[in-house]
Structures are given as C-alpha cells and as structure tokens.
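Structure record follows, encoded as structure tokens.
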Amino acid sequence: MPLNTQDLKTAAGLTLDHYNRRAADFWEGTRGHDVSQNIANLLRYIEGQPPFAILDLGCGPGRDLKTFQDLGHVAVGLEGATRFAAMARDQGCEVWEQNFLSLDLPANRFDGVFANASLFHVPSQEIPRILRELHATLKPRAVLFSSNPHGHDEEGWNNCRYGAYHTLEAWRGFMLGAGFTELTHYYRPAGLPREQQPWLASLWRRNS
C-alpha cells in the first residue's frame, strides 16, 4: 500500500530521531568500520583527473567524508540528522543538512555520489524520484556508488528506523529507470559466504 504524505513524514522523522538520539553510540560503533573497498571503487570508476567533487549522501558523523577530504578531493556531506551533521562539521567538513525526501541539489555539480548505507532508508515509492535528482546533480558520465542491506524487496520498520531491503534485480530496475548504466556490483563483507554478506554494493554511471 502506498505511503501518504503523513506516512512519509513519519518515516523520515522517526528514522532521523532514532539517529539523533543515538548519535554518540553510533559513532563509537561505526568509526572503525573499513569501507576502503567502497571508496576505492568509486574513485576508480570516475573519469578524469583528481581532485574530484564528491557528495557523501547520508554522511553520518563524517567518517568517510573526512577520508575523501584527506585524500584531497572536494567533498561535501549531506545529512538529515542534526547531531550527525554537527559531528561531521566538528571534523572540519562541509555538510548540507537536508532530508532525503526533500533534496535541494545543484545541477551537474559532482563527479561522484557516495551513498554508503543510506538510500535503503528511502521508501520504495520515492526511490525513482530521488535517483533522478541524484542523476541530475552528477556531471555527465559521473558515478554513483550505493551500498544497502539487501533482502527480498520487503520494507517497513526495523528498530524505529524505516528501511527498504531490495533484491539486486529490483535495485537494478530502479537505477536503470533513473538513467544509469551498471558498472559493477558485489556483496560485502568480502570473502564470506553469501548468507553472511548482508550488504549489496553497486556502481553506476550517469549516461549523459
């Protein structure tokens, strides 16, 4: 059943509230996570010479945003949770505080979008619109990276957070429909049996 306007506000509001209330614990629990494989793959597929303009979509407390910055790239974070945005700014990062469901992005600005563990919070009915907006903020032939917990196309509430858990086929359909071409995909963590790899990572190029 489609979500109405109030349902969408609730999904976004309660999810962001969950992260705001647990911001310090979240940072302590995730600051040491190794996502270097994801960062390296995004940078590998971007054409041209660095430094690159990178949008870290759902940057959280700024772990990966700071990494891009330290690598010499022009990185901007986008985050809906106020406490996360403040934590990232405390590390010297630029952060745009925006809700995923009401983005305000410049056209043709970025060489890459890094959406690590963030887009799965967007309700499925809104994903096509959000992906079109991300397509528009990328430069022609720029690259979008996403990593989401995969599932069997179920969605709903999980521990006070809204999430949508797509199959590869469903996610591919969303991305192709938004005008992207698939570059590659893989499951994480690397080196484990598929049933122990909860994350689906994929890279996509803006067609034009």
Length-normalised contact order of the chain, Cα under 8 Å, at least 6 apart, in percent, tallies to 18 percent
Relative contact order for the range 161-208, counting Cα pairs under 8 Å that sit 6 or more residues apart, in percent:
36 percent
Taking 30 Å as R0, compute the FRET efficiency from the Cβ-Cβ separation of ALA190 and ASP70 and round it to 0.05.
0.80
Radius ratio Rg over Rh of the range 1-142, counting only Cα atoms, Kirkwood formula for Rh:
0.96
Just to confirm a number: summing +1 for Lys and Arg and -1 for Asp and Glu over residues other than HIS166 whose beta-carbon lies under 11 angstrom from that of HIS166, what do you get?
-3
Can you list, bin by bin at 5 Å, the percent of alpha carbon pairs in the range 55-99, starting at 0?
6, 33, 38, 17, 6, 1
Take the alpha-carbon centre of the range 1-79, take the same for the range 90-154, and report the distance between them in whole Å.
9 Å
So what's the back-of-envelope 222 nm ellipticity for the chain, counting only DSSP H runs of four-plus at -39500 (n - 2.57) apiece and dividing by all residues, rounded to 500?
-10500 deg cm²/dmol
Hey, can you find the accessible area per residue of the chain for me, probe 1.4 Å, expressed in square angstrom?
47 Å²
Can you tell me how much longer the chain between ASN108 and THR10 gets when fully stretched, taken as 0.36 nm per residue apart minus their C-alpha distance, in nm with one decimal?
32.2 nm
Out of all DSSP beta bridges in the chain, what portion is antiparallel? Express it as a percent rounded to 5.
55 percent
How much net charge surrounds GLU133 when only other residues with a Cβ under 11 Å from its Cβ are counted (Lys, Arg +1; Asp, Glu -1)?
0
What part of the accessible area of the range 54-173, given as a whole %, is carbon or sulfur when the probe is 1.4 angstrom?
48 percent
How large is the dipole of the chain about the Cα centre if only Lys and Arg carry +1 and Asp and Glu carry -1, each at its Cβ, rounded to the nearest 20 debye?
300 debye
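The values are calculated or read from the model by the stated rules, or taken from the named source; none is laboratory data. As the structure is a computational prediction, the values presented were derived from the model and not from experiment. A quick note on method: Cβ atoms are made from the backbone with ideal geometry, for glycine too, and the neighbour counts reach across all protein chains shown. These area figures cover heavy atoms from the full protein model, side chains too; ligands, DNA and RNA do not enter into them. Shrake-Rupley method; radii C 1.70, N 1.55, O 1.52, S 1.80 Å.
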